[in-house]
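A quick write-up on the structure given underneath.
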């Protein structure tokens with residue numbers, strides 16, 4: 001007779017989809033027993049525990065979180081039968097190396113599909129991408145402009161980034177800057193939440209997405225799913241948008257789960273066509289035509305602007321960029337660098353000689369970064385290191401060009417001159433966002 005013992009499971013994650021997949025697939029399933037999460041990508045989140053308050057009655061002690069390097073020992077110690085992969089923006093090769101490690105130890109390797117996807121009572125538009133940094137945020141901002149003009153009540157739900165107290169972060173609702181300050185969000189979280197608050201919109205996030213979705217539905221006519229990295233939606237969309245990046249042409253077929261987004265989308269937005277090489281654009285168009293010929297295709301510019309270009313022209317500048325885009329997103333520059341070139345900076349100063357503490361480690365890990373400083377701030381210590389790096393460079397530069405979507409000077413209380421860069425999505429060819437959203441607008 002087959003054993004009635006539950007299958008022991010390890011979930012590989014990064015404090016996001018891993019918790020969601022657990023909640024949806026395993027939390028109430030006595031035939032499986034999740035013995036551990038593992039953590040990667042995000043610093044200082046291993047050696048924690050998914051708390052019993054969120055894990056449910058089958059897990060009175062919660063679930064421990066270990067470094068991903070412990071995978072083999074966890075499989076051996078707990079006789080693990082199944083390893084579940086649940087994080088994003090990694091190469092297909094990376095995923096299959098982990099599959100090989102699991103299989104070599106005798107465990108199955110699983111990539112969950114739509115069984116972990118929630119259904120909403122309200123229309124949903126999802127904004128996903130093939131890589132982080134493709135332009136989801138500016139696309140979501142343009143969607144808000146369209147929905148505002150239509151008089152729709154909109155609630156945005158952001159892909160999880162629960163790096164702190166998970167019980168406190170079970171269901172988060174942000175409407176004011178005071179809400180962000182009270183929640184003590186990281187720089188990475190603020191980069192995603194603050195633009196919504198600045199536009200007068202409400203954004204939800206947290207760790208329990210069933211509860212989050214139901215709360216958002218009470219306040220909205222329409223839901224925006226704002227994906228993180230290149231992850232697939234947690235909520236079934238009615239309009240499924242995928243943003244692709246011609247600056248990384250070819251990546252759309254080489255990174256997980258971005259390729260799944262490309263193949264499933266009802267509408268594809270090729271962003272940054274104004275700064276892309278013609279050959280890369282042609283390659284991307286051909287890939288889309290082959291992999292998802294039924295999707296509509298919109299080509300758009302990523303328009304960069306600053307309030308006062310004279311603050312950059314002819315100046316020596318330090319460029320600070322969005323952290324995830326320039327680290328695991330593998331972009332060597334972002335909107336700040338584009339603005340420095342566009343507005344005639346005399347020199348973009350190498351930030352590496354000024355780096356301190358954890359920022360030194362970031363440059364060592366991401367060797368493609370040479371002329372921009374990633375805005376890393378996953379915890380208070382890293383924020384201090386970032387601020388100190390900027391201040392050390394200030395003696396040798398005229399101004400810091402901030403290419404993140406938030407007022408970093410205010411968040412870090414910078415005492416040195418800075419200029420904020422803004423970037424917008426401008427549709428050039430193909431259906432506009434107004435056209436794409438028309439079927440679900442009130």
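Give me the residue from the stretch 233-258 that is free of Cβ contacts under 8 Å to residues at least 60 places away in the same chain and surrounded by fewer than 20 Cβ atoms within 10 Å (Cβ to Cβ) and, out of that set, farthest from residue 423 (Cα to Cα).
253
What residue, of 360, 356, 304, 317, is farther than 26 Å from residue 143 by Cα and buried (at least 20 other Cβ atoms within 10 Å of the Cβ)?
Answer to the check: 317.
Kindly indicate whether residue 261 is assigned to a loop (DSSP other than H, G, I, E, B) and either crowded, with 23+ Cβ neighbours inside 10 Å or within 16 Å of the chain's Cα centre (by Cα) (or both).
No.
So which residues in the stretch 64-86 are part of a loop (DSSP other than H, G, I, E, B) and over 21 Å from the mean Cα position of the chain (by Cα)?
79, 80, 81
Among the strands (runs of 3 or more DSSP E) contained in the stretch 322-436, which hold 1 or more residues that are assigned by TED's automatic domain parsing to the domain that holds residue 138, in contact with a strand residue (DSSP E or B) (Cβ under 8 Å, 6 or more places away or on another chain) and within 27 Å of residue 273 (Cα to Cα)?
Result: 418-429.
Which residues, taken from the stretch 279-311, are in a loop (DSSP other than H, G, I, E, B) and at pLDDT below 95?
Across the stretch 279-311, the qualifying residues are 307, 308.
Can you find a residue that is free of Cβ contacts under 8 Å to residues at least 40 places away in the same chain, surrounded by 13 or more Cβ atoms within 10 Å (Cβ to Cβ) and either outside the structural domain of residue 255 (by TED's automatic domain parsing) or closer than 21 Å to residue 5 by Cα (or both) anywhere in the stretch 75-93?
So far as the stretch 75-93 goes, no, none of its residues is free of Cβ contacts under 8 Å to residues at least 40 places away in the same chain, surrounded by 13 or more Cβ atoms within 10 Å (Cβ to Cβ) and either outside the structural domain of residue 255 (by TED's automatic domain parsing) or closer than 21 Å to residue 5 by Cα (or both).
With respect to residue 121, is the statement that it is surrounded by fewer than 17 Cβ atoms within 10 Å (Cβ to Cβ), in a loop (DSSP other than H, G, I, E, B) and touching a helix residue (DSSP H, G or I) at 6+ places or on another chain (Cβ under 7 Å) true?
When the stated conditions are applied, residue 121 passes them.
For the stretch 27-43, state whether one or more residues are modelled with pLDDT under 95, in contact with a strand residue (DSSP E or B) (Cβ under 9 Å, 6 or more places away or on another chain) and assigned to a strand (DSSP E or B).
yes
If I filter the stretch 419-431 down to residues being crowded, with 16+ Cβ neighbours inside 10 Å and more than 22 Å from the chain's Cα centre (by Cα), which single residue comes out as nearest to residue 312 (Cα to Cα)?
419
Test of understanding: among 267, 280, 313, 286, which residue is out of contact with any strand residue (DSSP E or B) (no Cβ under 6 Å at 6 or more places or on another chain), farther than 30 Å from residue 99 by Cβ and not assigned by TED's automatic domain parsing to the domain that holds residue 397?
Selected residue: 280, the only one of 267, 280, 313, 286 that is out of contact with any strand residue (DSSP E or B) (no Cβ under 6 Å at 6 or more places or on another chain), farther than 30 Å from residue 99 by Cβ and not assigned by TED's automatic domain parsing to the domain that holds residue 397.
Can you give me the ranges of the strands (runs of 3 or more DSSP E) entirely in the stretch 154-248 with at least 2 residues that are within 14 Å of the chain's Cα centre (by Cα)?
154-158, 202-206, 222-226, 239-244
Which condition breaks for residue 162 when tested against (1) touching a residue at least 40 places away in the same chain (Cβ under 8 Å); (2) under 21 Å from residue 89 (Cβ atoms); (3) touching a strand residue (DSSP E or B) at 6+ places or on another chain (Cβ under 6 Å)?
Only one criterion in (1) touching a residue at least 40 places away in the same chain (Cβ under 8 Å); (2) under 21 Å from residue 89 (Cβ atoms); (3) touching a strand residue (DSSP E or B) at 6+ places or on another chain (Cβ under 6 Å) is unmet by residue 162, namely (3).
Being closer than 11 Å to residue 401 by Cα and in contact with a helix residue (DSSP H, G or I) (Cβ under 8 Å, 6 or more places away or on another chain) is the filter here, so list the residues in the stretch 316-333 that pass it.
Selection gives 317, 318, 319, 320, 321.
Report, by residue number, each residue of the stretch 49-74 that is more than 18 Å from residue 8 (Cα to Cα) and surrounded by 18 or more Cβ atoms within 10 Å (Cβ to Cβ).
Matches in the stretch 49-74: 54 only.
Name the one entry in 147, 128 that is in contact with a strand residue (DSSP E or B) (Cβ under 8 Å, 6 or more places away or on another chain), part of a helix (DSSP H, G or I), at pLDDT 90 or above and assigned by TED's automatic domain parsing to the domain that holds residue 281.
Result of the check over 147, 128: 147.
The values are calculated or read from the model by the stated rules, or taken from the named source; none is laboratory data. Note that the structure is predicted; figures quoted are calculated from it, not measured. Glycine also receives a Cβ, built like all others from the backbone with ideal geometry; neighbour counts cover every protein chain displayed.
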